[in-house]
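Q: Just dropping this structure here.
Only the coordinates and a few stated rules stand behind these numbers; no lab work does. These numbers come from a predicted model, not from an experiment. Here the Cβ positions follow ideal geometry from the backbone for every residue, glycine too, while neighbour counts run over all protein chains shown.
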Amino acid sequence: MNRGMNKLSKQTEEYLNNQGIPYIKLDGTINLILLKNNSTYHYCAVEFFEVDDEWYKKKKPFKFKRIWGNTIDTITNRINQYLGE
């Protein structure tokens, strides 16, 4: 596992905790699922490594927004965009 992605995941968790945004880890991985919906999606998946499309297909009828990034600024901006949609 890439150490940089582990650190980024932990930074994202810290951000979510500080903002009071509920989340869970995706099936014991470092990927995160935001447990907040917006007008289009039920949940938001923050992917630090790619998740197979089949995983999402098995979760229907729920719709997931999938975001990623290489920096905490990129990820937090995308989280805020998702929450503002």
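Q: Can you list residues from other chains, or at least 5 along the same chain, whose modelled amide H is less than 5 Å from the amide H of Arg66?
A: Sorted by chain and number, the residues that satisfy this are Ala45.
Q: Tell me, what HN-Hα J-couplings in whole Hz come from the Karplus equation 6.51 cos²θ - 1.76 cosθ + 1.60 at θ = phi - 60° for each residue of region 8-25, using x for Gly and Pro?
A: 5, 5, 5, 4, 5, 4, 4, 4, 4, 4, 5, 8, x, 9, x, 7, 9, 7
Q: When DSSP assigns beta bridges and you keep just the ones with both residues in the chain, what percent turn out antiparallel, to the nearest 5? Before the final figure, lay out each step's value.
A: Details: 6 of 10 bridges.
About 60 percent, rounded to the nearest 5.
Q: So for Ser39, Ser9, fewest C-beta neighbours within 10 Å to most, what's the order?
A: Values: Ser39 6, Ser9 20.
If I rank by nearby Cβ atoms, fewest first, I get Ser39, Ser9.
Q: Moving to a separate point now. From Cα pairs below 8 angstrom and at least 6 apart in sequence, can you work out the relative contact order of the chain, rounded to a whole percent?
A: 26
Q: Next up: Just the Kirkwood number for the chain, please: inverse of mean 1/r across all distinct Cα pairs, in Å, one decimal.
A: Result for the chain, one decimal place: 13.0 Å.
Q: If you don't mind, another one. Residue by residue through region 65-73, what is 3J(HN,Hα) from phi via Karplus (6.51 cos²θ - 1.76 cosθ + 1.60, θ = phi - 60°)? Round to whole Hz and write x for glycine and proline.
A: Ordered by residue, 3J(HN,Hα) equals 7, 10, 10, 7, x, 9, 9, 5, 5 Hz.
Q: On a straight-distance basis, which lysines could pair with Lys60 in a cross-link, Cα separation under 18 angstrom, same-chain partners fewer than 8 positions away excluded?
A: Lys36
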